[in-house]
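A short write-up of the structure that comes next.
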Amino acid sequence: MKRRAFTARNVLMSSAAMAFALFAGAVYAEEKPADHTDGPAAAYEPSMTTLGQIKVEIPGRKEGDPVMTQEEFQKGTQIYFERCAGCHGVLRKGATGKPLTTDITRENGYEYLQSFITYGSPAGMPNWGTSGDMSEADVDLMARYLLLEPPAPPEFGMPEMLASWKVIVKPEDRPKEKMNDWDIDNLFSTTLRDAGQVALIDGATYEIKTVIDTGYAVHISRISASGRYLFVIGRDAKIVMIDLWMEVPAPVAEIKIGMEARSIETSKFEGWEDKIAIAGAYWPPQYVIMDGDTLEPKKIVSTRGNIYDEQVYHPEPRVAAILASHYKPEFIVNVKETGKIIMVDYTDLKNLKTVEIEAERFLHDGGLDGSKRYFITAANARGKLVVIDTKESKLAAITETGGQTPHPGRGANFTHPVHGPVWATSHLGDESVALIGTDPEGHPDQAWKIVDSFPALGGGSLFIKTHPNSDHLYTDATLNPDAETSGSVAVFTISKMGAADVDPELVTLPIAEWAGIPEGQPRVVQPEFNKDGTEVWFSVWNAKDKESAIVVVDDKTLELKKVIKDPRLVTPTGKFNVFNTRGDVY
Ligand code: DHE
């Protein structure tokens, strides 16, 4: 395999700034990227915006504690959860960032903390003060805050879940057959992030059929195996279950499974279609197994435990991607900080069987290979891909991608003219696209090896996509600091890809320009195909008070087909085509 030395120009120099700005909720290119000095891996950390809103008390005062009012402590907690907890952990015990427990912060003292927060460090700490992201007063507040014991956010167990659980329409009162004439398989459930809603958009007419209220800073949609139920999860851990058979699809059940969450999935194994749902939380660190019809919570499993390699206890390992196996009645659960992948057998919840696979830290997103047997996921902070054989519930391989911070979404499967079946990821930290061989039977020498790596537009890519009926591979560059780059996508022609020593040619599509949005600097995010694989949709994601759009491209000609604009399209990001999402077609 050719090893590429990516050019400094194309490596995402200030990806940290961009990612922090993005995930702290300040999302747009028009906002000044801060001059952080850290690398992209450290930057790709969540903002615990929901936790930032909880009311906390100052923990019992100790001798030598700096004086702080309740109001200041509350503000410090909010800033900490929104900006620091992603790296340093909710409990300050460390994650991708160093621990900030009081034994350490008091040893270092106020001046050290104040200067560290102001100037950052080459090891990855952003320069919050000199970048202007935090005022001098906030830096002072945070330096004092860190000398106090951290507040422990509340747990969220069965009583809290049951209190939040609502069956809006009981299963027996739901339609017995599909009551609308919508082509529900070709609907796009479109995240309207800052509106806390999803728009259901018809894949043929581009009409917004309905807009549904969901959770706060809504994140992803997943669809039950039958295609009937749509599950949407917000960052506040609220799940909304929508029945697509209703005359006008609407929520039939909802629940909160924690205080911060990102993932939701439903059972797909034969005989178990639509029966079970599962969601994973960032806080408290747990996954929850629910009834697939009603969202009744059945079982809460904590992910607290030891890191796979160091065998050191981690108090808050977050649940990242969850996928349903097609080979067994199992869910595949990525536990970020302990680097473990848990195969959860959902057939007998009383005697729950799980297989704990030692994988790598810090697990994030991933998808299935073309045969749907193998789950390939990014341990993004370590630049690696982990491959799980879902038939055997076993680790198949761990491979370095050669790039910085792989971020595949669910990845892209295609048959490469030279290397055979491959799965692709793009990278957050540099311009590369890496292809991993996925055919251990037909191409055993290439299986689970990076068979090619070539440049796309630039660093800051979040998602890559193709479709079995398409000859194109698309990748975005959403977090690239350059507005033109973050407003464009790269397209490669699969049938023209050749040997690894020749980079495939790329075509750039100026998606944001095509959207014709007069104000702001929207970013282009997440290619998603329609059901037949003839069109690919891109979100043109602008500030919430500015116009956004969805741009539809003809996959054969790569020409603009449609710009969907509507005042209701507030901050569109992820789009989930019902057919492709339920069948893991990507
Ligand atoms: Fe996501 C998937 C976590 C920010 C859009 N995102 C995922 C998954 C995880 C995750 C764990 C995989 C879910 C699964 O498959 O079960 N996302 C996080 C974060 O922790 C992070 C970095 C910061 C945060 O505070 O939330 C984050 N994500 C974002 C965004 O800001 C994005 C770009 C816009 C938005 O709407 O929030 C975003 N994430 C997405 C999308 C997917 C996703 C569109 C699903 C992609 C797919 O094709 O399946």
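When the residues of the stretch 244-272 are narrowed to those that are surrounded by fewer than 23 Cβ atoms within 10 Å (Cβ to Cβ), acidic (Asp, Glu) and more than 17 Å from LYS298 (Cα to Cα), which ends up farthest from the ligand (Cβ to nearest atom)? If we take residues in the stretch 244-272 being surrounded by fewer than 23 Cβ atoms within 10 Å (Cβ to Cβ), acidic (Asp, Glu) and more than 17 Å from LYS298 (Cα to Cα), then GLU247 is farthest from the ligand (Cβ to nearest atom). The condition (being part of a loop (DSSP other than H, G, I, E, B) and in contact with an Asp or Glu (Cβ under 8 Å, 6 or more places away or on another chain)) is satisfied by just one residue among LYS391, LYS372: LYS372.
Restricting the search to helices (runs of 4 or more DSSP H) fully inside the stretch 69-136 and requiring at least 2 residues that are without any contact (Cβ under 8 Å) to a residue 12 or more places away in the chain and of a type outside the set (A, V, I, L, M) gives 102-119.
Once the stretch 372-397 is narrowed to residues that are away from the ligand (no atom under 16 Å from the Cβ) and in contact with a His (Cβ under 9 Å, 6 or more places away or on another chain), the residue that is nearest to SER426 (Cα to Cα) is GLY383. Beta carbons closer than 6 Å, at least 6 apart along the sequence or on distinct chains, pair a first residue in the stretch 278-299 that is over 16 Å from TYR346 (Cβ atoms) with a second that is more than 16 Å from the ligand (Cβ to nearest atom) for PRO284/GLU155; PRO284/PHE156; PRO285/ARG304.
Is it the case that VAL218 is aliphatic (A, V, I, L, M), surrounded by 22 or more Cβ atoms within 10 Å (Cβ to Cβ) and not in a strand (DSSP E or B)?
Here the answer is yes, as VAL218 does meet what is asked.
Filtering the stretch 189-210 to residues that are more than 21 Å from LEU295 (Cβ to Cβ) and more than 12 Å from the ligand (Cβ to nearest atom) leaves ALA199, ILE201, ASP202, GLY203, ALA204, THR205, TYR206, GLU207, ILE208, LYS209.
Can you find a residue in the stretch 526-546 that is under 24 Å from TYR216 (Cα atoms), free of Cβ contacts under 8 Å to residues at least 24 places away in the same chain and either surrounded by fewer than 24 Cβ atoms within 10 Å (Cβ to Cβ) or more than 15 Å from the ligand (Cβ to nearest atom) (or both)? Yes: the stretch 526-546 contains one or more residues that are under 24 Å from TYR216 (Cα atoms), free of Cβ contacts under 8 Å to residues at least 24 places away in the same chain and either surrounded by fewer than 24 Cβ atoms within 10 Å (Cβ to Cβ) or more than 15 Å from the ligand (Cβ to nearest atom) (or both). The set of residues in the stretch 350-378 that are under 14 Å from LYS340 (Cα atoms), of a type in the set (Ser, Thr, Tyr) and surrounded by 22 or more Cβ atoms within 10 Å (Cβ to Cβ) contains only THR377. The residues of the stretch 291-350 that are assigned to a strand (DSSP E or B), in contact with a Leu (Cβ under 9 Å, 6 or more places away or on another chain) and within 13 Å of the ligand (Cβ to nearest atom), listed by number, are ALA320, ALA321, LEU323, PHE331, ILE332, VAL333, ASN334, VAL335, ILE341. The single condition among (1) crowded, with 21+ Cβ neighbours inside 10 Å; (2) in contact (Cβ under 8 Å) with a residue 24 or more places away in the chain; (3) farther than 27 Å from TYR313 by Cα that PHE156 does not meet is (3).
Residue by residue, here is whether (1) aromatic (Phe, Trp, Tyr); (2) more than 19 Å from ARG568 (Cβ to Cβ) holds:
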residue: ILE168; (1), (2): no, yes
residue: GLU172; (1), (2): no, yes
residue: PHE188; (1), (2): yes, no
residue: ALA195; (1), (2): no, no
residue: VAL232; (1), (2): no, no
residue: ASP236; (1), (2): no, yes
residue: VAL248; (1), (2): no, no
residue: VAL252; (1), (2): no, yes
residue: ILE255; (1), (2): no, yes
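Quick note: the coordinates plus some simple rules give every number you see, no bench work behind them. Values in this document were obtained by computation on a predicted structure and should not be read as measured data. We place every Cβ from the backbone using ideal geometry, glycine too, and count neighbours over all the protein chains shown.
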